[in-house]
Every structure is written in structure tokens, then in C-alpha cells.
Amino acid sequence: MPPRRSACIVCKATVRPKQHAFQCETCQRWQHRTCNTGIDVATYWETVRGNGIINWWCRECGMPENRFSETVSVTEEPMAIEDNDIGVPDQESTRLSLSVIDQRLDDIAPETSPVSYQVLDTGSKRGKPKLVDSHGYTYTVNKETNAGKIYWWCSVRGKHKRCPATVLQTTDTYQPGVHPHSHPGVPGIQSAANIEEQVKSAAVADVFRSASEIVEEVLAEIVDLREPEGARPKIPNLVRNANRARQRLRPPEPQNLDFEVAYNERDDIHKFIRKLFALPLLPAEHIPDAFEELSSGSHPTQIVELLNNIHDNWMTSSVWTVSSWSVFNMSVRTNNDVEGWHRRINDRAHGSTNVPFYLLIQLLHREAKCLPTQIKLICEGKLKRVQRKSTLKLFKKLHSLWNAYENGEVSTSHILKRCGRIYAPMT
């Protein structure tokens, strides 16, 4: 790790801890990798993994023209990297010191090493062509000309952060624009793009397999845990991309619905049933009184039968007590996570209900093979519980109502009415 306030040999800027940097073998001074070292990202990461550069000297110390020697094998002279930098144990025979972390945008210098490009035909989110280079940048099509030229621009184009970098493609020749990137590249982005492309292709080829199963199979087959973090996309993003690729194969949604639901024929019955189905959202001790209040008065025959069914099977049941189905102040109100995993296992067994034991062992073994990759992705924050935006928005509304109810700001009848609007029964 470079000492505090150590200046770069070339740009004179401070070499902060955990930046891409090299230490000269002779003068022991530091130099940014991007400051005319001629070393690309791929070579740098090979060095980090112990298969790259062994000795390195700066220009001022009269190093050879190629600046580094790869003639010494790692086994003959082992290379060590400091613990505080990337977590590799230190060794006394260290000939190269490195340091890795994200750089600030104002410290980025342009890449001087040769760059290679790869075009993915359906690499973008909308299934359009996507260009990926070896420095960790991605591009999408800006425009195409009749002369066969394609103008690519950097895919980082947010409202507050728009990268000006461009690439001109003429047949198989790529020419970078005059403007450099305003952000650092992502090492391993080419591998991640290839994974996404393969997931989309597999999803379109077999529409009856679940997207999550396809993603797990592709990751288990081609993912390399030795590559940088950027080489492994987030699993939820891969699943969404697979489903989005399949969506283009679906027929258009119907614009007119010619059927009616019975409880929508009368507004009073519609609102009453909504209140009834909102009872589990109340505290367990308040549910019986609220049910008695809803049951009082005269009701149509169909409503009376529904009330009797709820009373016999839920309100006075010796198996399912009221406290067992009350979900007041609970963030997880269903067993969808477990049911989803169980359904996925059933789908992999092709819907068979009586799976032989030896086939079940094979299914569980396939699940176990995915654990190392899943653990790695969880540690990197790329595998989380997936919740739609509509679900998160719904929970915020419920949480606000629950707080108001606990503080006595709303009545039982009011919260049932409001929850009934949020949690309506399926039509």
C-alpha cells in the first residue's frame, strides 16, 4: 500500500491507498497504472492473481523499453500483494506492490493500451446491439448511416451524469472519439455482457423453463470466481432481462374485457367484501370485535353464507386461531418465498408429484452446486430478495396506516376501508 501523501511519478497527484498503482523496483516511488505505464486492466488483474508482472521500473530509473519483465516465473520468485490492498497474504519476496480500489473521476487518465471491441446483437435492455470494449466500457447505437458507418455512444447517459465518449465503427474498424470517458471502466464487463447474452438466448430458445433456472444453469457453467466483481451480473437483473427477452414473443394484451365480476355489480357489496378481506391487517385482539360489527345488520343471502363460513372456519376454529392469521405490522405476510422455491423444484421435476428418491437426490445436488456462486453473489450484494416497486409502495401505505391506527388517529372502520382499497380481493 502506498504511504500517505505519496505523489505519482508522472502526474504528481497523490496516489491514494487502494488505487491501481505500481512501485518502482529501484527508487521505490509510486506511479498510477493509467499514467503511461502501458499496462492494461487485464494484465493488471492477471498480476493481482499472481500470473502477471514480476519486476517493474519507472522511466527515470532507466528500465528496459518494455518496462517490465515476464521472463521470471511466479514459482521461481513468488509475488506478494499486501493484505490491506486485496486480501492476499504478504510474502517477504515481494517485487511488486499493488493497490486496488475505485478511483475518483478527476484522477482518471486515458487508457494508452490497445483496446478490443465486441458487438453483442441483443446486448442492451431493449434487445438492441451493444458494444463492449476491453477497458470495461459499454456503448449503444446512436445512429447508422447509409454508408455503413455506425456511431456508438457510451451507455452512461443519466440525467445528472452523461458520458461524452463515442466510437465510430466502419465495417470491422473501430475509432474512439476525441472525448474521453468521464467515469472509470468496470473490469470484467465483457464477461458479464456475455453472460447476459447467453441468458437471453437460452430464455428465448426454451420459453417453458423458468428464468431463474436458466440463470443458475448459465452461471454454474461459465462464471469464473477468479475474475473481478464486475464479471458477475446481479441475479435479479439477469432474471428480468430473460423475462424481458421473452416478452417480445407474447401476443398483444387484450384491450377490452367483456366480462363482469359479481361483486362489482353492486357498490355496497363491493365495499363490504373489501372490508371483510382486510380483517387480517388488524391486530389479533381487535379482529373479533371488528367482525361482529361487520356481521351486524341485515345482509343478502350470499353475504350471510360468506359470514358464516368465515365465522366457522376462521373466527372460532381450534386449528387456525385468530392470532395465527393476523399480519398486523408484518413485512412478510405470505409464504411466497418458500412456495416459489418449492414450485421451482417441482418444475425441474417436470411437474411430477411422486419423484423417486434417487431423482430427488439429483435435483437437490444441482441446487447444492449453485451454493458457492450464490454465496459469492450475496456477499457482493448482488443476490437479494426481489420485490416489485408496486409491492414496496403498498407496504409503505400499510405501514403509514398502521402507525396512525396505533396512535389512535384513525378508527377501526376507517382502517378497514382504507386497507380494503389497498388490498382488494382478486377479481
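Throughout, read-outs are computed from the coordinates displayed, never taken from laboratory work. Quick caveat, the model's predicted, so the values are computed rather than measured. Please note: Cβ atoms are built from the backbone with ideal geometry, for glycine as well, and neighbour counts cover all protein chains shown.
Using the basic label-point model (7 angstrom from Cα toward the beta carbon), what is the ARG209 to LEU371 distance in nanometres?
With each label point 7 Å from Cα toward Cβ, the separation is 2.3 nm.
Among LYS149/LYS382; LYS143/LYS384; LYS130/LYS382; LYS389/LYS417; LYS161/LYS384; LYS125/LYS376, which pairs are too far apart, with a Cα-Cα distance over 31 Å?
LYS149/LYS382; LYS143/LYS384
What value does segment 282-398 have for Rg/Rh, both radii from Cα atoms and Rh as Kirkwood defines it?
My calculation of the ratio gives 1.13.
Please report how far the C-alpha centroid of segment 338-409 lies from that of segment 152-228, rounded to the nearest whole angstrom.
Computed from Cα coordinates, the inter-centre distance equals 27 Å.
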